[in-house]
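Q: The structure is given below, and queries will be raised subsequently.
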Amino acid sequence: MQLQAIECLMEAQEILQDIVFVILYGVVMGLSIAAALYLLLRRGNAIAPGVTPPLRLRLWAAAIMLENVFSHVLWLWYFCHPSALVYIIVCALDFLLLIPIIAGILLSMLQDRRRPVWPVAVALVPAIVLTALNIIYKENAFLTWQSIYVIAVYAVLMVYMYFAVRQYGRWLRDNYADLENKEVWQCFLILAVFMLLSVLYLFTSGQTKVLIYLLEFVCVIIMGLVLWRVETLQSLSESVTADVEEPAEEARKTSAPTATPTKMDILLKKHCEDNQLYLQNDLTLAQLANIIGTNRTYLSQHFAQQGLTFNAYINSLRIDHFIRLYREAAAESRIVTAQQFSFKSGFHSYSTFSAAFKQKTGKTVKAWMQSLEE
């Protein structure tokens, strides 16, 4: 770590003489400022005006843009006044601000329940203490331990997010027929990129200039990803709490499927299947429960007892509808496309339809169409 600090001191002046990097540095700062102002001052979305994202996500997204500007100012200070003490202060402020902001973005994407960010801030207290010791003694004796601890916090956060995203995915499938732009696997990409670059930057000797260039390009990518997520992630106001999901999950594990039609089966057939309610691509469990005259807890448990999720039930009906439409068109020798019929069957995205079709039939759409022609 000491060797890297010395190398950074030697390369700081060289970086300022690189005109291409200086221009790139300024452009990234300008984009960050523009993105922060857009998120804070504009109430609605410009690209997707029909989408209302969670306010919490919008604020955390603005925070990471502002942190990016602050980080660039800090590193510019270091490039102009390179010293071991400045390096310690800049690294500490950059990482200690970035981690809770990243956690805030990731946790605000998960709308199955409200997850607090304060435990992440509390976990960083030892890193703050180590930073203070480095500044007081004006040396980097504690810098290695501080870096290791920060990386450990990243690793723990990643493990937590893995299980949280899985729980969120189960909640989505139990409550929403249309999953388009509601899944948040992109949060793993954000964490992985930042953790990888942190490890490389803190523990790799040499190649500092290459890593700094890479960091600038990654900043642009992450800004674009965060803005896209704010523009496309609809606020799920009908969120259910974890205590509703867990009984359904437990029922799915312990209950065996039954072939005897129940009162719930009859209601579903009457109101959902016969009336083709499944063609509504934004249908939710709460809406269906209200239509058939029950509550979503009982309806969710009913699907769980069948070994199904709400999403799987609706998609199965949609695929059956698609098959009927396509067979009728084939019998009449009408020229149609699978994409047209997938939209008519209630799917919002052809890629979602393709995945659901293969999961239900065991064949790709193209293979099934060819077998039908034969």
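Q: Mind scanning Lys182/Lys366; Lys270/Lys366; Lys182/Lys358; Lys269/Lys363; Lys270/Lys344 and naming the pairs with a C-alpha gap bigger than 29 Å?
A: With Cα atoms farther than 29 Å apart: Lys270/Lys366.
Q: Using 0.36 nm per residue of separation minus the Cα-Cα distance, give me the extension gain between Arg43 and His271 in nm, one decimal.
A: Values: separation 228, 0.36 × 228 = 82.08 nm, distance 3.79 nm.
The span from Arg43 to His271 would gain 78.3 nm if fully extended.
Q: Picking from Leu40, Leu285, Leu57, which is most flexible by a Gaussian network model of the chain using Cα springs under 10 Å?
A: Leu40
Q: Summing -39500 (n - 2.57) over the DSSP H runs of n ≥ 4 in the chain and dividing by its residue number, what mean residue ellipticity at 222 nm do you reach, to the nearest 500 deg cm²/dmol? Write out the running numbers ahead of the final one.
A: Values: 17 runs with 272 residues, N = 374.
The helix contribution divided over the chain gives -24000 deg cm²/dmol.
Q: Further question: Mean separation of Cα pairs under 8 Å and 6+ residues apart, divided by the residue count of the chain: what relative contact order is that in percent?
A: On the way: 381 pairs, mean separation 69.7, N = 374.
It rounds to 19 percent for the chain.
Q: For Lys209, list the lysines whose Cα falls under 28 Å from its own Cα; do not include residues on the same chain fewer than 8 positions away.
A: Lys209 reaches Lys138.
Q: What relative contact order, as a whole-number percentage, does the stretch 284-343 give when Cα pairs under 8 Å and 6 or more residues apart are counted?
A: Answer for the stretch 284-343 is 19 percent.
Q: Below 8 Å, C-alpha to C-alpha, sequence gap of six or more: please give me the relative contact order for the stretch 255-366 in percent.
A: Relative contact order, the stretch 255-366: 25 percent.
Q: Here is a further query. Across all directions of projection, what mean area in square nanometres is found for the Cα convex hull of the chain?
A: 23.4 nm²
Q: Sort out for me the Cα centre separation of the stretch 105-158 from the stretch 14-89, rounded to whole Å.
A: 20 Å
Q: If amide hydrogens are placed 1.01 Å from N in the peptide plane, which non-local residues have theirs closer than 5 Å to the one on Tyr176?
A: Leu285, Asn311
Q: Got a sec to turn the phi values of the stretch 268-285 into Karplus ³J(HN,Hα) couplings, 6.51 cos²θ - 1.76 cosθ + 1.60 with θ = phi - 60°, whole Hz, x for Gly and Pro?
A: 5, 5, 5, 8, 9, 7, 5, 8, 6, 5, 5, 6, 6, 6, 10, 5, 10, 4
Q: Could you give the nm distance between label points at Thr262 and Ala192, where each point is 7 Å from its Cα heading toward the beta carbon?
A: Taking the two extended label points, one gets 3.9 nm.
Q: Residues of the stretch 323-341 with backbone nitrogen within less than 18 Å of a virtual label 7 Å along the Cα-to-Cβ line of Lys366, please, listed as ranges.
A: 336-341
Q: When only DSSP loop residues count, what trypsin sites (Lys or Arg not before Pro) in the stretch 20-108 have their Cβ near at most 11 other Cβ atoms within 10 Å?
A: Filter output for the stretch 20-108: Arg42, Arg43.
Q: Under a Cβ-Cβ cut-off of 13 Å, what is the net charge of the residues other than Cys219 that fall near it, where Lys and Arg count +1 and Asp and Glu count -1?
A: Around Cys219, the surrounding residues sum to -3.
Since every read-out is calculated from the coordinates, none of them should be taken as a lab result. Values in this document were obtained by computation on a predicted structure and should not be read as measured data. Here the Cβ is made from the backbone with ideal geometry for all residues, glycine too, and neighbour counts use every protein chain on show.
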